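Encoded as structure tokens, the structure appears first; notes follow it.
The values are calculated or read from the model by the stated rules, or taken from the named source; none is laboratory data. Keep in mind that this is a model prediction, so the values were computed, not measured. A quick note on method: Cβ atoms are made from the backbone with ideal geometry, for glycine too, and the neighbour counts reach across all protein chains shown. Ligands, DNA and RNA are stripped out before the accessible areas are found, and what is left, the full protein with its side chains, is counted by its heavy atoms. Shrake-Rupley method; radii C 1.70, N 1.55, O 1.52, S 1.80 Å.
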Amino acid sequence: MASWHRFVLFCSLLFSATISPLAAKTTSFPKALVLRVTKDASTHQYLTHITQRTPPVPIKVAVDLGGQFLWVDCEKGFNSSTKKPVPCRSAECALSGSGACTTNGGSPSEDVCSVIPYNPFISTSSSGDFFQDIVYIQSTNGFNPGKLVSVPNFLFSCGPNSLLDGLTSGAVGIAGLGRNKVALPSLLSAAFGFPRKFGVCLSSSDGVVFFGKEPYVLLPGIDVSDTNSLTYTPLIRNPISLISSFEGEPSAEYFIGVKSIKVGEKPVKFNTSLLSFDSEGHGGAKISTVDPYTVLETSIYKAVVSAFVKALGPKVPKVKAVAPFGACFNAKYIGSTRGGPAVPPIDLVLRNDKVWRIFGANSMVGVSSDVLCLGFVDGGPLHFVDWGVKFTQTAIVIGGHQIEDNLLQFDLGASRLGFSSSLLFRQTTCSNFNFTSTA
């Protein structure tokens, strides 16, 4: 029996050694991690700070929900004694799905794994080498932030300085939260033994992203991750990845199935076949932190606007449209409720017959003191992929304004999305995580 225990101990140590590149350097693993997210008013980008490198440097990066990995500009002022390249034929390179190498010497053993950092705000990509370096992130008990913990060999890519075009001033890269093996949720799950799930709660000011186990508690003590308060729908895979380190890899973005739309509880008539995936990757509804407002294919957009104007009624005068919106109204004729402007709700009816209801706070945008616009934009018709042409990949892209003050929990293990609808009805907002005190 003693020899068997020694064998099990040996196997355990061997297993620990094999996962050490992703293992967190901490004496006791936290149950969850938290990132503070702020919104830039001019660019509408959601931003967070991650501490990286040796000596530690806090870096500002834009949050891309569907991004494949963390990438940063390494051409300007990047100094770290712990940064090291990822070998081309390594297990870490295989995680990225990359089949590309950068020759870095005469021996194949010196070749570096090559990936494709992408800036979705300007629809531009570049080749970039894959590296490892230490990162630090704040732990949490779900109520307050806790101590910083570190991950010593966190995977990221270096991007060229030119790839920063279009980002908020001071941002040096993008933090990808995508549905793949080298984005932040999967790497942090592997490092700390978390469940493969994370929660996103954004607002027009401060927001929060949780990694790991619940609860997610917002002031005044409301657990917004309570399963009884969430509605669940399956996450579906887009078979086509427009930006990928490996050709043929599914998209790292998050999609849900929508089968119809209602305005004021009445069905909107449009060609619902536009919502089914085809061989070019069109279809479904993508959830995005890159698009500031929900984008609809032209025929769907026109149908929704027409239905909304009809449901709002003739007593609310339309006014001249304010770009990028196509339908604007005199705000003096629109009342207010706990859920925002008193307008007809817009329902996304999902494939499993659950409903994501969009209330006035998320459907309307105040462009001045007396003008409210319907916060949806015309994305044009669906196009084939063409890098020289602006295209709508999917018929519906649910944008940032529509998900603010809604909790979205992405459960990668169960392949499902949990969503809360507007937290305003629970008398809290996504800006209410208590960052002012520590656990």
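Data for the structure
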quantity: Residue identified as farther than 22 Å from Val316 by Cα and over 24 Å from the mean Cα position of the chain (by Cα) among Thr394, Thr438; calculated: Thr438
quantity: Flag for Ser96 being under 28 Å from Leu33 (Cβ atoms), at pLDDT below 95 and in contact with a strand residue (DSSP E or B) (Cβ under 8 Å, 6 or more places away or on another chain); calculated: yes
quantity: Where Ile358 falls short, out of the listed (1) under 24 Å from Ser225 (Cβ atoms); (2) modelled with pLDDT under 95; calculated: (2)
quantity: Residue in segment 293-316 that is open to solvent by 50 Å² or more (accessible area, probe 1.4 Å) and assigned to a loop (DSSP other than H, G, I, E, B) present; calculated: yes
quantity: Among residues of segment 58-84, those that are part of a strand (DSSP E or B) and free of Cβ contacts under 8 Å to residues at least 12 places away in the same chain, counted; calculated: 1
quantity: Any strands (runs of 3 or more DSSP E) falling wholly within segment 324-439 and containing at least 3 residues that are in contact with a Ser or Thr (Cβ under 8 Å, 6 or more places away or on another chain) and of a type outside the set (S, T, N, Q); calculated: 346-350, 355-358, 376-378, 396-398, 416-422
quantity: Some residue of segment 97-114 being open to solvent by 30 Å² or more (accessible area, probe 1.4 Å), assigned to a strand (DSSP E or B) and hydroxyl-bearing (Ser, Thr, Tyr); calculated: yes
quantity: Residue among Asn228, Asn238 that is touching a Ser or Thr at 6+ places or on another chain (Cβ under 6 Å), within 19 Å of Ala414 (Cβ to Cβ) and modelled with pLDDT under 95; calculated: Asn238
quantity: Residues of segment 46-56 satisfying the condition of being within 12 Å of Val172 (Cα to Cα) and open to solvent by 50 Å² or more (accessible area, probe 1.4 Å); calculated: His49
